[in-house]
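Engineer: Here you go, one structure.
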Amino acid sequence: MEQLMEVLINYLLKKQIIKLSSIENSFFLYKKLDKKINLTPDIIALNYSSESPYSAKNSDISSILDNENLYLWFTKGEKASYLPEAYILFRRLLQNYKDVICIVEGDINRVIVIKNSILIASFSKRTVSLIDKKLMKNEYKIENIITLKEQEYSNYLESSLKFLTINDLFNILNIKIDIKEFFTKIVYFSALPMLISSVIITSLLAGYYFYLDGKKELLYKEFKENQQSNKELKRAIIKNENESILYKELISEFKYVDKTVALSNILKITDDMNMTMHYITLSDKNINFIVKTSKNSQIPIYIKKLFETNQFEDIKNLNTRKIKDVIEVTMLAKLKEVK
């Protein structure tokens, strides 16, 4: 199955049905969901597009839902089905590591962080110093750091394709329900060698029949359980409950000021004051970030300018420490609720 996945994904990449999304040209978000729910591309766009640093017209969202773990990549460029390089690397590293910080060294350093077998961070940095590595160890509470050289990265990435799953591919291609249509598309790829086509179609059809058998059992079980009840009434109640849950989730997500504007203001003020943004992450109303400066006197001025944007109800300096001539400030900003 591993070799089959490698052949299939290479073919899809060659035909540009899917495209690779590099770590340095994408913005990653990890979300821990309260429970496993069915998220369509439209719901994902509605809930999370405001957290993208790119404009909606010039970017695309790739999402992979793994149980309650939702991985999101905002890729700058044309709309397409993007396969994130960070996720390929993550799948490969999971074979040997549960907790690890992986750094791909080059002109631009690429970093991914895996904790408890979950991808929690993916970003790029121009330079990664010994101090940066120490800070990452402290921040993520992970001791193990491995490095890859730029020269070996491409081959390492290509050999990692076999560790992707069919569920990963369905996520990338936004195939959620209409599995029949997917098989039709696979058959349409007549340029595949006949033997490979046969193996792929046979494997996928076997999976599809397994899916149908499972669905049939569930339907029969539901029928037996509800023989004596009013089925139409029960369906209406369940549908109403699901819609209520979704509505509550959407209300919770959009009750704060525009996260994209708030993020842009933080980055702009940081740049205007010649300070350096080291780390930033968003979660509900909280924006956690670390900035660096050479002057301690800049910190209260910086906080004042953030308040003047009228985007935040509270901004806290959680920790300040000096490393040689650099002052590092860990901050927490809370977004205002929309009135």
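The values are calculated or read from the model by the stated rules, or taken from the named source; none is laboratory data. Please read all numbers here as calculations on a predicted model, not as lab measurements. Backbone-built Cβ (ideal geometry, glycine too); neighbour counts: all protein chains shown.
Here's the yes/no breakdown for (1) within 15 Å of the chain's Cα centre (by Cα); (2) more than 21 Å from residue 122 (Cβ to Cβ):
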position: 34; (1), (2): no, yes
position: 41; (1), (2): yes, no
position: 44; (1), (2): yes, no
position: 49; (1), (2): yes, no
position: 58; (1), (2): no, no
position: 62; (1), (2): yes, no
position: 70; (1), (2): yes, no
position: 73; (1), (2): yes, no
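Engineer: OK, next. Can you tell me which of 8, 20 is closer than 30 Å to residue 155 by Cβ, among the aliphatic types (A, V, I, L, M), in a helix (DSSP H, G or I) and over 14 Å from the mean Cα position of the chain (by Cα)?
Structural biologist: On the way: 20 fails: in a helix (DSSP H, G or I).
Result of the check over 8, 20: 8.
Engineer: Being surrounded by 13 or more Cβ atoms within 10 Å (Cβ to Cβ), of a type in the set (A, V, I, L, M) and within 15 Å of residue 258 (Cβ to Cβ) is the filter here; which residues of region 307-339 pass it?
Structural biologist: Once the filter is applied, which keeps residues that are surrounded by 13 or more Cβ atoms within 10 Å (Cβ to Cβ), of a type in the set (A, V, I, L, M) and within 15 Å of residue 258 (Cβ to Cβ), region 307-339 yields 333, 335.
Engineer: Something else: Could you give me the residue pairs with C-beta distances under 6 Å whose first residue belongs to region 266-293 and is in the same structural domain as residue 324 (by TED's automatic domain parsing), whose second residue is small (Gly, Ala, Ser) and buried (at least 18 other Cβ atoms within 10 Å of the Cβ) wherever it lies, and which are 6+ apart or on separate chains?
Structural biologist: 287/333
Engineer: Moving on. For the structure I just gave you, tell me whether residue 48 is at pLDDT 90 or above and within 23 Å of residue 264 (Cβ to Cβ). Give the derivation first.
Structural biologist: Working: at pLDDT 90 or above: no; within 23 Å of residue 264 (Cβ to Cβ): yes.
So residue 48 does not fit the description; no.
Engineer: I'm trying to understand the selection: among the residues of region 23-37, which are under 19 Å from residue 168 (Cβ atoms), of a type in the set (A, V, I, L, M, F, W, C) and not in a helix (DSSP H, G or I)?
Structural biologist: 28, 29, 33, 37
Engineer: Can you find even one residue in region 73-81 that is assigned to a strand (DSSP E or B) and of a type in the set (Gly, Ala, Ser)?
Structural biologist: Of all residues in region 73-81, those assigned to a strand (DSSP E or B) come to 73-76.
From what is left, the residues that are of a type in the set (Gly, Ala, Ser) are none.
For region 73-81, residues assigned to a strand (DSSP E or B) and of a type in the set (Gly, Ala, Ser): absent.
Engineer: Being of a type in the set (Gly, Ala, Ser) and either within 21 Å of residue 97 (Cβ to Cβ) or within 18 Å of the chain's Cα centre (by Cα) (or both) is the filter; apply it to region 117-134 and report the residue that is surrounded by the fewest Cβ atoms within 10 Å (Cβ to Cβ). If you could, list the steps in order and put the result at the bottom.
Structural biologist: Our first condition is that a residue be of a type in the set (Gly, Ala, Ser); within region 117-134, this holds for 117, 121-122, 124, 129.
If we keep only those that are either within 21 Å of residue 97 (Cβ to Cβ) or within 18 Å of the chain's Cα centre (by Cα) (or both) as well, we get 117, 121-122, 124.
On the way: 117: 13, 121: 19, 122: 25, 124: 17.
Filtering region 117-134 for residues that are of a type in the set (Gly, Ala, Ser) and either within 21 Å of residue 97 (Cβ to Cβ) or within 18 Å of the chain's Cα centre (by Cα) (or both), the one surrounded by the fewest Cβ atoms within 10 Å (Cβ to Cβ) comes out as 117.
Engineer: Which residues, taken from region 38-65, are within 17 Å of residue 172 (Cα to Cα) and assigned to a loop (DSSP other than H, G, I, E, B)?
Structural biologist: Passing the criteria: 38, 39, 40.
Engineer: Tally time: how many residues in region 50-61 are more than 12 Å from residue 73 (Cβ to Cβ) and without any contact (Cβ under 8 Å) to a residue 24 or more places away in the chain?
Structural biologist: Qualifying residue count for the region: 4.
Engineer: Looking only at region 288-339, count every residue that is in a loop (DSSP other than H, G, I, E, B) and under 27 Å from the mean Cα position of the chain (by Cα) and tell me the total.
Structural biologist: Looking only at that region, the number is 3.
Engineer: Please verify whether region 125-135 includes one or more residues that are closer than 26 Å to residue 170 by Cβ, of a type in the set (Gly, Ala, Ser) and free of Cβ contacts under 8 Å to residues at least 24 places away in the same chain.
Structural biologist: Of the residues in region 125-135, the ones closer than 26 Å to residue 170 by Cβ are none.
Within region 125-135, none of the residues are closer than 26 Å to residue 170 by Cβ, of a type in the set (Gly, Ala, Ser) and free of Cβ contacts under 8 Å to residues at least 24 places away in the same chain.
Engineer: Just checking, how many residues over region 16-45 are of a type in the set (Lys, Arg) and at pLDDT 85 or above? Full working, then the answer.
Structural biologist: Let us first name the residues in region 16-45 that are of a type in the set (Lys, Arg), namely 19, 31-32, 35-36.
If we keep only those that are at pLDDT 85 or above as well, we get 19, 31-32.
Here the count works out to 3.
Engineer: Same structure again: Just checking, how many residues over region 270-291 are β-branched (Val, Ile, Thr) and surrounded by 19 or more Cβ atoms within 10 Å (Cβ to Cβ)? Can you show your working first?
Structural biologist: Narrowing region 270-291 to residues β-branched (Val, Ile, Thr): 270, 276, 280-281, 287, 290-291.
This time we only want the ones that are surrounded by 19 or more Cβ atoms within 10 Å (Cβ to Cβ), so: 270, 287, 291.
Of the residues in that region, 3 qualify.
Engineer: Do we find that residue 135 is of a type in the set (A, V, I, L, M) and more than 22 Å from residue 280 (Cα to Cα) in this structure? I'd like the intermediate steps shown before the answer.
Structural biologist: Working: of a type in the set (A, V, I, L, M): yes; more than 22 Å from residue 280 (Cα to Cα): no.
Judged against the criteria, residue 135 is not a match.
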